[in-house]
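**Student:** So that we are looking at the same thing, I have put the structure below in structure tokens.
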Amino acid sequence: NIETLNGLENATILSKVSLKNNNISDVSILAKSAESLKYLYLDNNNISDLSGLANCKNIIGISASFNKLTSVEWLSEWNALQTVLLSNNSIESASGFIKSENLICLDLSNNKLTQIDGIVFEADGYIEVNLSNNGITSVTLPNNCHFSKLALHGNPLTDDSFLNKTKGSDVSFNF
């Protein structure tokens, strides 16, 4: 079980980092590879903050499920993102979260979200979004959203008017 990333101080050209299933709480040392880092796998650790990686703007995929994340504002500048897997954390807000036109998969299931109005979906193609098992009561979507799948089950939804903007999408939810 790795607890620290000591020894990676001089690793400045990492492109893919997998540190799954450890006891790591701080990964800010990876910011030294900001230009080259493309994929980051951090599932099942003790990470509560990734803001130290805010300058890693070339990341295409991040998986940091089963951690202790509460905030994701640092992702707003990651314009190359295609895949974001952050399920089973304690994320309460995703305001202004995703601005990537390349996004194809977003999983924020099993967090503490109560609204998704601040999530910006600018993807040109169809995207798969899983927001299941949060505390979301209503959904506001822009007109240009194209979902291959939108999962909202396990949320206390009180309004289904958002369905008018999801024509042709596979939407699952319950009241």
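The values are calculated or read from the model by the stated rules, or taken from the named source; none is laboratory data. Note that the coordinates shown come from a computational prediction; the quantities given were computed from them, not determined experimentally. So basically every Cβ, Gly included, is an ideal-geometry build from the backbone, and we count neighbours across all protein chains shown. Side chains are part of the model used for accessible areas, which takes the heavy atoms of the whole protein and leaves out ligands, DNA and RNA. Shrake-Rupley method; radii C 1.70, N 1.55, O 1.52, S 1.80 Å.
**Student:** What are the pairs with Cβ atoms under 6 angstrom where one residue, in segment 40-61, is farther than 19 Å from S90 by Cα and the other, located anywhere, is open to solvent by 60 Å² or more (accessible area, probe 1.4 Å) and of a type in the set (F, W, Y)? Sequence gap at least six, or different chains.
**Tutor:** Listed pairs, sorted by first residue: G61/Y39.
**Student:** Hey, another quick one. For A31, which of the numbered conditions (1) in a loop (DSSP other than H, G, I, E, B); (2) surrounded by fewer than 17 Cβ atoms within 10 Å (Cβ to Cβ) fails to hold?
**Tutor:** Every listed condition holds for A31 apart from (1).
**Student:** Also, I was wondering about something else. Of all residues in segment 55-81, which are surrounded by 17 or more Cβ atoms within 10 Å (Cβ to Cβ) and under 20 Å from E128 (Cβ atoms)?
**Tutor:** If the condition is that a residue be surrounded by 17 or more Cβ atoms within 10 Å (Cβ to Cβ) and under 20 Å from E128 (Cβ atoms), then I59, I60, G61, I62, S63, A64, S65, F66, V72, L75, W78, L81 are the ones that fit.
Okay, residues lined up against (1) part of a loop (DSSP other than H, G, I, E, B); (2) within 19 Å of S36 (Cα to Cα); (3) polar (S, T, N, Q):
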{"residue": "I62", "(1), (2), (3)": "no, yes, no"}
{"residue": "S71", "(1), (2), (3)": "yes, no, yes"}
{"residue": "N102", "(1), (2), (3)": "yes, yes, yes"}
{"residue": "S109", "(1), (2), (3)": "yes, no, yes"}
{"residue": "K112", "(1), (2), (3)": "yes, no, no"}
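**Student:** Still on this structure, please answer the following. Here are some conditions: (1) over 16 Å from N134 (Cβ atoms); (2) assigned to a loop (DSSP other than H, G, I, E, B); (3) among the polar types (S, T, N, Q). N89 meets all but one. Which one does it not meet?
**Tutor:** (1)
**Student:** Separate question: Looking at segment 145-158, is at least one residue under 15 Å from the mean Cα position of the chain (by Cα), modelled with pLDDT of 75 or more and farther than 14 Å from L81 by Cα? Outline the logic, then answer.
**Tutor:** Step one: filter segment 145-158 for residues under 15 Å from the mean Cα position of the chain (by Cα), giving 150-151.
Add one more test, that the residue is modelled with pLDDT of 75 or more, and what stays is 150-151.
Subsequent filtering for residues that are farther than 14 Å from L81 by Cα retains 150-151.
Among the residues of segment 145-158, at least one is under 15 Å from the mean Cα position of the chain (by Cα), modelled with pLDDT of 75 or more and farther than 14 Å from L81 by Cα, which makes the answer yes.
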